[in-house]
Amino acid sequence: WGLEKLNQAQSGHLLEVLEDRYQQSSTIVISQLPVKEWFKMITNATVADAILDRLVHNSHRIELEGESMRKLDQSDHLR
């Protein structure tokens, strides 16, 4: 999630999926992009509000901190 902006069709499809699952099933979203930046990834502001409402409200968020595992792995190879 968050590698590229969603176009109108993609945003609509995502909203449909989330509406079908909302308060019925679990949905796991993984992103390197902070949640506060997600709104910018959806071109239509109204659809963005609806999507984020379904994703963020009643959610359990786990935000990882610390150095990237890729960076740590690369530093091991440089030694």
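The values are calculated or read from the model by the stated rules, or taken from the named source; none is laboratory data. All values reported here derive from a predicted model rather than from experimental measurement. Please note: Cβ atoms are built from the backbone with ideal geometry, for glycine as well, and neighbour counts cover all protein chains shown. Heads up: the accessible areas ignore ligands, DNA and RNA and are worked out on the full protein's heavy atoms, side chains in. Shrake-Rupley method; radii C 1.70, N 1.55, O 1.52, S 1.80 Å.
Okay, here's what the table says:
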| read-out | value |
| --- | --- |
| Condition check for ALA9: assigned to a helix (DSSP H, G or I), at pLDDT 95 or above, over 12 Å from the mean Cα position of the chain (by Cα) and surrounded by 10 or more Cβ atoms within 10 Å (Cβ to Cβ) | no |
| Contacts under 7 angstrom Cβ, first residue in the range 27-55 being within 14 Å of VAL17 (Cβ to Cβ) and of a type in the set (S, T, N, Q), partner in a helix (DSSP H, G or I) and open to solvent by less than 90 Å² (accessible area, probe 1.4 Å), 6 or more apart | THR27/LEU18; THR27/ARG21 |
| Residue, farthest from the chain's Cα centre (by Cα), within the range 13-32, restricted to residues that are open to solvent by 100 Å² or more (accessible area, probe 1.4 Å) and acidic (Asp, Glu) | ASP20 |
| Count of the range 12-51 residues which are outside any loop (DSSP other than H, G, I, E, B), within 26 Å of SER68 (Cα to Cα) and out of contact with any strand residue (DSSP E or B) (no Cβ under 7 Å at 6 or more places or on another chain) | 6 |
| Unmet criterion (only one of (1) open to solvent by 50 Å² or more (accessible area, probe 1.4 Å); (2) of a type in the set (Val, Ile, Thr); (3) modelled with pLDDT under 95) for VAL35 | (1) |
| Conditions (1) open to solvent by less than 80 Å² (accessible area, probe 1.4 Å); (2) under 12 Å from the mean Cα position of the chain (by Cα); number of the one not met by ALA50 | (2) |
| Check on GLY2, without any contact (Cβ under 8 Å) to a residue 12 or more places away in the chain, part of a loop (DSSP other than H, G, I, E, B) and open to solvent by less than 100 Å² (accessible area, probe 1.4 Å) | no |
| Selection from the range 52-63 of residues that are in a loop (DSSP other than H, G, I, E, B) and of a type outside the set (A, V, I, L, M) | HIS57, ASN58, SER59, HIS60, ARG61, GLU63 |
